[in-house]
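Here it is, the structure in full.
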Amino acid sequence: VRCWPVLKCVKDRESLHAGTSRSTDTVYDTLDIDGTALANSREDEILCLLDDVLTSGASFSACRQKLLEQFPGRTVMGIFWAKAQYPEQFEDDEF
C-alpha cells in the first residue's frame, strides 16, 4: 500500500452540506492530477480514494473520472468513513 496525494484542487468550491448544489461536472472542473503521480505509478496498482463522508457521490465520481482519464484501464475504488443520509433527496443513489 502506498499513499500519496494524486489529485489536487485547483479551484475553490463550497461544500455540499453548506446548501450548495453540486454536480460531477462542477467538481471535475476544480480538479487536476499531480504530475509526480504519473512518474510513480505502476500498471498493477489499484487506485483507492479515501474521503471522510460520501454525501451525494459527486466528488467521488469526478475524482474517479479524472483518474481513469489519466490511468485508463485501472481499478478505482472509494473508501468512506460515513455516508450522509437524506431519504427524500437521495432515494435512488447508486452508493
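What helices (runs of 4 or more DSSP H) lie completely within segment 6-95 and have 3 or more residues being open to solvent by less than 50 Å² (accessible area, probe 1.4 Å) and at pLDDT 85 or above? If you could, list the steps in order and put the result at the bottom.
Values: elements: 24-28, 35-40, 58-70.
Per the criteria, 24-28, 58-70.
Sort through 39, 84 and tell me the only one that's small (Gly, Ala, Ser) and without any contact (Cβ under 8 Å) to a residue 60 or more places away in the chain.
Working: 84 fails: without any contact (Cβ under 8 Å) to a residue 60 or more places away in the chain.
Result of the check over 39, 84: 39.
The values are calculated or read from the model by the stated rules, or taken from the named source; none is laboratory data. The structure displayed is predicted, hence computed values, not measured ones. Cβ: placed from backbone, ideal geometry, glycine included. Neighbour counts: every protein chain shown. With ligands, DNA and RNA removed, areas are computed over all heavy atoms of the protein, side chains included. Shrake-Rupley method; radii C 1.70, N 1.55, O 1.52, S 1.80 Å.
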